[in-house]
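Inspection log for the structure reproduced underneath, given as structure tokens.
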Amino acid sequence: MELFHTLQGEGFHTGKSAVFIRLAGCDVGCIWCDVKESWDANEHPEVSENYIVDQVLSYNTKFAVITGGEPTLYNLTSLVNKLKQNNVYTAIETAGTNHFSDNLDWICFSPKKFKNPKESIYKLADELKVVIYHPSDLEWALEHQKKISNKECQLYIQPEWSKMDTRMPLIINFLKENPKWRLSVQTHKFLNIP
Ligand code: SF4
């Protein structure tokens with residue numbers, strides 16, 4: 001759908017210069033989705049892996065984030081290998097709804113209530129980032145934490161942008177009671193950058 005150089009706005013890698021590779025197509029359908037224009041892959045042109053790699057290498061960063069849409073709709077093994085052959089550290093943002101290659105450097109798993117993830121994601125995730133739209137999402141976050149088997153997995157609670165003001169008091173209490181979790185906010189939206 002698009003490829004652009006910006007800062008990673010949220011989660012563990014917040015603030016890092018990164019090229020975002022946004023793949024079109026989504027099998028989840030969150031009601032609060034802020035990139036609904038990504039949902040229909042047919043509305044966007046097909047491009048080759050080599051084109052994507054060349055575009056990434058044209059920017060002054062060695063950090064790529066593959067996002068969507070839901071990027072696990074695609075077999076990414078070859079693309080990720082090509083990026084890594086060029087020393088590009090490659091991360092993914094996914095709801096974990098499909099099986100995917102394990103050659104990625106960083107897997108940010110952001111589960112969504114609108115479609116269950118594959119069980120395999122729980123042992124692969126480097127980062128669990130739960131978006132809080134409804135207050136019950138905080139308990140839901142803890143349910144996911146119990147299933148994560150990677151002891152090093154980073155845990156993030158992130159208020160959904162439109163609900164941030166009303167949910168923050170609950171989130172702050174949650175973080176005080178659950179110190180393994182950290183706060184993620186969408187800094188790119190505060191800064192009005194992509
Ligand atoms: S998974 Fe991501 S792209 Fe798909 S609907 Fe949810 S927020 Fe939007």
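Taken together, the values in this text are just the output of simple stated rules run on the coordinates, not laboratory data. It should be emphasised that the depicted structure is a prediction, and the values quoted were computed from it without experimental measurement. Counting neighbours? That spans all protein chains shown, and the Cβs are built from the backbone with ideal geometry, glycine included.
Mind listing whichever residues of segment 43-75 are part of a loop (DSSP other than H, G, I, E, B) and away from the ligand (no atom under 16 Å from the Cβ)?
At the first step, the residues of segment 43-75 found to be part of a loop (DSSP other than H, G, I, E, B) are 44-48, 58-62, 68-70, 74-75.
Of everything in segment 43-75, those that are part of a loop (DSSP other than H, G, I, E, B) and away from the ligand (no atom under 16 Å from the Cβ) turn out to be Pro45, Glu46, Val47, Ser48, Ser58, Tyr59, Asn60, Thr61, Lys62, Asn75.
Of all residues in segment 72-105 being surrounded by 15 or more Cβ atoms within 10 Å (Cβ to Cβ) and of a type in the set (D, E, K, R), which is nearest to Ser38 (Cα to Cα)?
My answer is Glu93.
Looking only at segment 7-22, filter to residues that are more than 24 Å from Ser78 (Cα to Cα) and more than 16 Å from the ligand (Cβ to nearest atom); which one of those is surrounded by the fewest Cβ atoms within 10 Å (Cβ to Cβ)? Reasoning before the result, please.
Narrowing segment 7-22 to residues more than 24 Å from Ser78 (Cα to Cα): 7, 9-12, 14-16.
Right, trim to more than 16 Å from the ligand (Cβ to nearest atom) and you get 7, 12, 14-16.
Numbers: Leu7: 17, Phe12: 18, Thr14: 15, Gly15: 10, Lys16: 14.
So, considering only residues that are more than 24 Å from Ser78 (Cα to Cα) and more than 16 Å from the ligand (Cβ to nearest atom), the one surrounded by the fewest Cβ atoms within 10 Å (Cβ to Cβ) is Gly15.
Pull up segment 150-164, narrow it to residues that are touching a helix residue (DSSP H, G or I) at 6+ places or on another chain (Cβ under 8 Å) and in a loop (DSSP other than H, G, I, E, B), then point me to the one that is nearest to Leu183 (Cα to Cα). Steps first, answer last, please.
Taking segment 150-164 and keeping what is touching a helix residue (DSSP H, G or I) at 6+ places or on another chain (Cβ under 8 Å), we get 150, 155, 157, 159-161.
So of that shortlist, the ones also in a loop (DSSP other than H, G, I, E, B) come out as 150, 160.
On the way: Asn150: 20, Glu160: 12 Å.
If we take residues in segment 150-164 being touching a helix residue (DSSP H, G or I) at 6+ places or on another chain (Cβ under 8 Å) and in a loop (DSSP other than H, G, I, E, B), then Glu160 is nearest to Leu183 (Cα to Cα).
Answer with yes or no whether Ile107 is part of a loop (DSSP other than H, G, I, E, B), within 16 Å of the ligand (Cβ to nearest atom) and among the β-branched types (Val, Ile, Thr). Quick ask: steps written out before the conclusion?
Values: part of a loop (DSSP other than H, G, I, E, B): no; within 16 Å of the ligand (Cβ to nearest atom): yes; among the β-branched types (Val, Ile, Thr): yes.
No; evaluated as a whole, the condition is false for this residue.
Assess whether Gly25 counts as being within 11 Å of the ligand (Cβ to nearest atom), touching a strand residue (DSSP E or B) at 6+ places or on another chain (Cβ under 8 Å), of a type outside the set (A, V, I, L, M, F, W, C) and part of a loop (DSSP other than H, G, I, E, B). First the steps, then the outcome.
Numbers: within 11 Å of the ligand (Cβ to nearest atom): yes; touching a strand residue (DSSP E or B) at 6+ places or on another chain (Cβ under 8 Å): no; of a type outside the set (A, V, I, L, M, F, W, C): yes; part of a loop (DSSP other than H, G, I, E, B): yes.
No: the conditions fail for Gly25.
Residues being without any contact (Cβ under 8 Å) to a residue 60 or more places away in the chain and surrounded by fewer than 21 Cβ atoms within 10 Å (Cβ to Cβ): count how many of those fall in segment 114-123.
Taking segment 114-123 and keeping what is without any contact (Cβ under 8 Å) to a residue 60 or more places away in the chain, we get 116-123.
After this cut, where a residue has to be surrounded by fewer than 21 Cβ atoms within 10 Å (Cβ to Cβ) as well, the list is 116, 118-120, 122-123.
Qualifying residue count, segment 114-123: 6.
Scan segment 94-102 and tell me whether some residue there is part of a strand (DSSP E or B) and closer than 18 Å to Ser149 by Cα.
yes
From the set of residues in segment 110-147 that are over 22 Å from Pro159 (Cβ atoms) and assigned to a loop (DSSP other than H, G, I, E, B), which is nearest to the ligand (Cβ to nearest atom)?
Asn116
Please verify whether segment 176-193 includes one or more residues that are polar (S, T, N, Q) and in contact with a His (Cβ under 7 Å, 6 or more places away or on another chain). So that I can check it myself, show each step before the final result.
Of the residues in segment 176-193, the ones polar (S, T, N, Q) are 178, 184, 186-187, 192.
Checking the rest, the ones that are also in contact with a His (Cβ under 7 Å, 6 or more places away or on another chain) come to none.
No, because not a single residue in segment 176-193 is polar (S, T, N, Q) and in contact with a His (Cβ under 7 Å, 6 or more places away or on another chain).
Of the conditions (1) near the ligand (Cβ under 10 Å from one of its atoms); (2) under 12 Å from Met1 (Cβ atoms); (3) touching a residue at least 40 places away in the same chain (Cβ under 8 Å), Thr97 clears all except one; give me its number.
(2)
Of everything in segment 28-42 that's of a type outside the set (A, V, I, L, M) and near the ligand (Cβ under 9 Å from one of its atoms), which residue is surrounded by the most Cβ atoms within 10 Å (Cβ to Cβ)? Please lay out each step first, then the result.
At the first step, the residues of segment 28-42 found to be of a type outside the set (A, V, I, L, M) are 29-30, 32-34, 36-40, 42.
Filter once more, keeping what is near the ligand (Cβ under 9 Å from one of its atoms): 29-30, 32-34, 36, 38-39.
Details: Gly29: 12, Cys30: 18, Trp32: 14, Cys33: 15, Asp34: 12, Lys36: 12, Ser38: 21, Trp39: 18.
Looking at the filtered set, the residue picked out is Ser38.
Report the residue count in segment 82-140 for those that are over 23 Å from Lys163 (Cβ atoms) and among the aliphatic types (A, V, I, L, M).
Final tally of qualifying residues: 9.
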